[in-house]
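The values are calculated or read from the model by the stated rules, or taken from the named source; none is laboratory data. Computed from a prediction, not measured in an experiment: that's the story for all the values here. With ideal geometry, Cβ positions are generated from the backbone for all residues, glycine too; neighbour counts draw on all protein chains shown. Note: areas computed on protein heavy atoms with side chains; ligands, DNA, RNA excluded. Shrake-Rupley method; radii C 1.70, N 1.55, O 1.52, S 1.80 Å.
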Amino acid sequence: AIYGSWVHYPPTKFRVKDLPKIDFILISHEHSDHFSEQTMSLLNKDIPVYVPHYKTGRFAQRVKNLGFNNVFSSNSEEIINLTDDIKLIFFGTSLWNDSSIYIQLGNFKILDVNDAGFNWNIPKLVGDIDLVCSAFSFGASAYPLNWTHLDTTSKNEIMKIKNHGMLKMLKQIITLCNAKYLLPFANFNELGPVNLRNIAKLQIKNTPRTISDYFKNQDIQILEMFPGESWDGLSAKFFKRPDRETFFDRTN
């Protein structure tokens with residue numbers, strides 16, 4: 001994603017062909033780390049696709065241009081009944097053409113904030129949330145690492161402040177939504193090209209463990225998982241990769 005600068009990290013062997021039968025495709029917004037035209041081109045074009053509506057109408061048209069036959073563009077805060085017991089709502093945010101996704105599966109409520117910021121109407125429209133999914137680290141920006149007038153000390157301080165800001169934002173969202181579970185996700189990427197490795201080494205990131213430590217004395221269960229891992233909500237069991245502790249060690 002992002003003009004070929006991002007790679008999936010930690011690496012995953014999971015491929016599109018490994019997916020089960022898909023009933024619906026929900027896409028929060030058209031940034032390239034959320035809407036991959038290459039991935040979409042490999043999927044069955046008869047699967048219904050739901051996207052948020054923006055004034056330009058461009059997003060839905062881009063999906064149609066890939067050959068999808070059933071593309072639905074919905075306004076922010078509009079309730080969509082996918083089935084009798086599955087509801088979908090896109091919540092627009094103040095960020096540029098971003099949206100979060102609310103999914104209600106029976107009585108279980110999921111809010112996928114991803115990296116879109118927060119819509120303050122969410123608590124009053126849907127009430128308490130069971131599971132909040134959110135980005136957990138600052139990083140989807142060239143700032144401050146590519147700013148040549150800043151020295152390394154200044155860049156480090158900015159990254160530390162922004163990462164701490166992510167923690168405070170997560171705490172605020174959890175409090176407002178009275179959430180039971182938090183899934184830190186959407187930041188599993190690394191700068192891939194060789195000519196960006198020196199920049200990558202300077203990046204300061206939160207990790208899923210950072211989130212667990214930050215919330216360890218609070219009434220919220222952190223689902224600390226890497227891509228390829230899973231959690232069974234009924235049995236409360238995790239299924240984790242054996243090599244997980246090495247991935248955020250820079251020397252590794």
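Residues that are of a type in the set (S, T, N, Q) and under 26 Å from F248 (Cα atoms) are absent from the range 19-29.
For K109, state whether it is more than 28 Å from Y3 (Cβ to Cβ), surrounded by 20 or more Cβ atoms within 10 Å (Cβ to Cβ) and in contact with a helix residue (DSSP H, G or I) (Cβ under 9 Å, 6 or more places away or on another chain). For K109, the condition - more than 28 Å from Y3 (Cβ to Cβ), surrounded by 20 or more Cβ atoms within 10 Å (Cβ to Cβ) and in contact with a helix residue (DSSP H, G or I) (Cβ under 9 Å, 6 or more places away or on another chain) - is met.
Considered as a group, the residues in the range 137-159 that are among the aliphatic types (A, V, I, L, M) and surrounded by 15 or more Cβ atoms within 10 Å (Cβ to Cβ) include one that is farthest from the chain's Cα centre (by Cα), and that residue is L150. The lone criterion from (1) at pLDDT below 95; (2) more than 23 Å from N97 (Cβ to Cβ); (3) not β-branched (V, I, T) left unmet by D130 is number (1). Residues that are hydrophobic (A, V, I, L, M, F, W, C) and assigned to a loop (DSSP other than H, G, I, E, B) within the range 16-41 comprise L19, I22, F24, I27, F35, listed in sequence order.
Comparison of S76, S28, S41 shows that the only residue that is open to solvent by 20 Å² or more (accessible area, probe 1.4 Å) and within 22 Å of D115 (Cβ to Cβ) is S76. The set of residues in the range 112-123 being open to solvent by 20 Å² or more (accessible area, probe 1.4 Å) and closer than 18 Å to I25 by Cα consists of D112 alone. Contact annotation: residue pairs with Cβ atoms under 6 Å, 6 or more positions apart or on different chains, pairing a residue in the range 177-201 that is more than 15 Å from F138 (Cβ to Cβ) with a partner that is buried (at least 17 other Cβ atoms within 10 Å of the Cβ) and of a type in the set (D, E), are K180/D130.
Is there a residue being open to solvent by 30 Å² or more (accessible area, probe 1.4 Å), closer than 28 Å to I79 by Cα and either charged (D, E, K, R) or assigned to a strand (DSSP E or B) (or both) anywhere in the range 160-175? Yes: one or more hits.
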